[in-house]
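Participant: Supplied in structure tokens, the structure appears directly below.
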Amino acid sequence: MDHAFAHERSQATLRQRNILAASCLVLFVACIALVGLASSRDREIILQPVVPKQMAISSGAISRDYLEAVTRDAGLLALNRSPETLQYWMESILAITAPEARGDLKAKLSAIVAEQQGSQVTQFLTIDWIRADPQTLTSEIGGVLHTVVASRDVRREQRTFRFKWKYEGLSLKLLGFGVVLQEGKAR
């Protein structure tokens with residue numbers, strides 16, 4: 001009888017072991033599936049309310065509203081400058097620039113800083129419109145570019161500026177910008 005009891009106990013222990021092994025296998029497969037799901041899903045960040053409507057960006061794509069808001073801010077930063085703020089102006093533009101475009105852009109901005117350092121020339125843009133194309137990661141700003149010498153507004157020109165962007169992960173970086181010429185090419 002002891003032998004039958006021992007056999008019955010060992011069979012119960014084996015069943016428990018098999019159930020535990022099957023449970024571990026199911027949990028392992030579930031963990032692998034969840035890791036796969038988590039790594040393939042788009043990430044999303046809710047942005048602070050700096051614009052009149054709620055926006056979010058995801059790793060999958062960029063929205064037109066977000067690209068437009070970033071273009072507005074970058075345009076105001078890049079196109080509004082005075083001799084007193086030239087160093088801050090250049091550092092701020094370089095901070096939002098993609099690493100591969102930083103060297104070329106820094107050379108161009110340094111030339112502007114050297115040219116305008118100590119002068120009384122101030123420039124600012126009054127924006128009339130903004131267009132953003134999230135498919136091509138380009139955007140344009142149109143408005144009146146004012147040039148002021150001392151306290152006198154010496155030139156007002158209707159201009160269009162084009163911005164080219166790079167979007168990786170959740171990071172939008174500037175590749176370059178320039179004035180759009182009559183033929184549609186940026187300078």
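The values are calculated or read from the model by the stated rules, or taken from the named source; none is laboratory data. All of these numbers come straight from a predicted model, not from anything done at the bench. With ideal geometry, Cβ positions are generated from the backbone for all residues, glycine too; neighbour counts draw on all protein chains shown.
Participant: Would you mind telling me which numbered condition in (1) in contact with a helix residue (DSSP H, G or I) (Cβ under 8 Å, 6 or more places away or on another chain); (2) at pLDDT below 95 Pro99 fails?
Facilitator: With respect to (1) in contact with a helix residue (DSSP H, G or I) (Cβ under 8 Å, 6 or more places away or on another chain); (2) at pLDDT below 95, Pro99 is out only on (1).
Participant: Condition test on Ile112, is it under 24 Å from the mean Cα position of the chain (by Cα), surrounded by 12 or more Cβ atoms within 10 Å (Cβ to Cβ) and in a helix (DSSP H, G or I)?
Facilitator: no
Participant: So, one more: Picking from Ala78, Ala22, Ala6, which residue would you name as being in a helix (DSSP H, G or I) and at pLDDT below 90?
Facilitator: Checking each option against the conditions leaves just Ala6.
Participant: Every residue in segment 134-161 that is without any contact (Cβ under 8 Å) to a residue 60 or more places away in the chain, assigned to a strand (DSSP E or B) and out of contact with any Ser or Thr (no Cβ under 6 Å at 6 or more places or on another chain), please.
Facilitator: Scanning segment 134-161 gives Thr138, His146, Thr147, Val149, Arg152, Asp153, Arg156, Glu157, Gln158, Arg159, Thr160.
Participant: If you don't mind, another one. Does segment 115-126 contain at least one residue that is small (Gly, Ala, Ser), surrounded by fewer than 12 Cβ atoms within 10 Å (Cβ to Cβ) and modelled with pLDDT of 90 or more?
Facilitator: No - not one qualifying residue is present in segment 115-126.
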